[in-house]
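Report on the following structure.
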């Protein structure tokens, strides 16, 4: 199996047709078709449905897609490490970010990398903590800014900050930043919460168990935007980090109160897989990411958060 055939396969899968893929690869269309044919003959199965609208992956094609991406990513990492050291950092580095921090961090990170390491090609993937940890372990991303994972020996982490979780409601709920809400009062409201696999939900459940309390769950959704929308439309109260609703609080659309539960905080960590060596390019992006977090904290743009302090 040749890497050029895998690159062609990925280009067609992403472009959806041979013509566009040929342009991206700087190849003529017959060469692209020949690469696909050779790959399918080697695997003994079709990888695409050829349709009038374009090329659509078969079940076998979907299976190959993830493996091909990881194989080419590892090849790129190897090339970056082997390339003679001229003092410049280069190569593709894939960064995973949580939805709640992506808007705040992505632009400053790209700006910092363009200034300090213009030869690094950053790729940003957004996902919830569970997805980010899976992608780290599978090699789909190089580093992540995520919740601290539970019992994940294959992931190495460096804590960067902690932020309290807040009860979020409409103005008529009269939640106030200066008046913490008890867990007992919180669970008396219908709650809009993430599913139990979500890190934020696990923090809440762990806080409720010792008190013998149980949440009145109105809706479960792992989409933060849907959580906020359901609160805004009067379906209940939710629990979110302050960064997720800072603009809504400033505009008066929502109100918020801290929760009386000392352990109800989320810890944001910089994470990477222990199964792969950290390349110089990845280390450079890690440093840039830490500097971005420090910057937004110092500027007060990450509300209700504080830098993590080791004991």
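Just so you know, all these numbers are worked out from the coordinates, no wet-lab data involved. Remember, it's a predicted structure, so these values are computed and weren't measured experimentally. So basically every Cβ, Gly included, is an ideal-geometry build from the backbone, and we count neighbours across all protein chains shown.
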Quiz item: What angle, in degrees between 0 and 90 and rounded to the nearest 10, separates the Cα long axis of helix 59-82 from the longest principal axis of the Cα atoms of the chain?
Solution: 90 degrees
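With an 8 Å cut-off on Cα pairs and a minimum separation of 6 or more residues, tell me the relative contact order of the range 91-246 in percent. It would help to have the intermediate numbers written out before the result.
Numbers: 207 pairs, mean separation 38.5, N = 156.
That works out to 25 percent.
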Quiz item: Could you work out Rg/(2.2 N^0.38 Å) for the range 3-82, with Rg from alpha carbons only?
Solution: 1.08
Quiz item: Can you give the Rg to Rh ratio of the range 241-300, both from alpha-carbon atoms, with Rh computed by the Kirkwood formula?
Solution: 1.12
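What is the antiparallel percent of DSSP beta bridges lying wholly in the chain, to the nearest 5?
On the way: 30 of 46 bridges.
Roughly 65 percent of the beta bridges in the chain run antiparallel, per DSSP.
With the cut-off at 22 Å, report for the range 163-265 the share of all Cα pairs above it, as a whole percent.
Working: 962 of 5253 pairs.
Tail of P(r) above 22 Å: 18 percent of Cα pairs.
Most exposed first by the Cβ proxy, i.e. fewest other Cβ within 10 Å, how do 307, 7 rank?
Working: 307 13, 7 18.
In order of increasing Cβ crowding within 10 Å: 307, 7.
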Quiz prompt | Residues 94, 157 arranged by fewest to most Cβ contacts within 10 Å | solution = 157, 94
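Please compute the Kirkwood hydrodynamic radius of the chain from all pairs of different C-alpha atoms, in Å with one decimal. If you can, show how the numbers build up before the last one.
Numbers: mean 1/r = 0.0454 Å⁻¹.
One decimal place: 22.0 Å for the Kirkwood radius.
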Exercise. Treating the angle as unsigned and between 0 and 90°, give the value, to the nearest 10°, between the Cα long axis of helix 280-298 and the longest Cα principal axis of the chain.
Key: 30 degrees
Quiz item: What is the order of 308, 3, 9, fewest Cβ neighbours within 10 Å to most?
Solution: 3, 308, 9
Quiz item: Relative contact order for the range 3-82: what is it in percent, counting Cα pairs under 8 Å that are at least 6 residues apart?
Solution: 29 percent
Self-check item: Contact order relative to length of the chain, as percent, for alpha carbon pairs under 8 angstrom and 6 or more apart
Solution: 21 percent
Quiz item: When the chain is modelled as a GNM with alpha-carbon springs shorter than 10 Å, which of 39, 97, 89 fluctuates the most?
Solution: 39
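Summing -39500 (n - 2.57) over the DSSP H runs of n ≥ 4 in the chain and dividing by its residue number, what mean residue ellipticity at 222 nm do you reach, to the nearest 500 deg cm²/dmol? Can you show the working numbers first?
Values: 11 runs with 135 residues, N = 311.
Computed ellipticity for the chain at 222 nm equals -13500 deg cm²/dmol.
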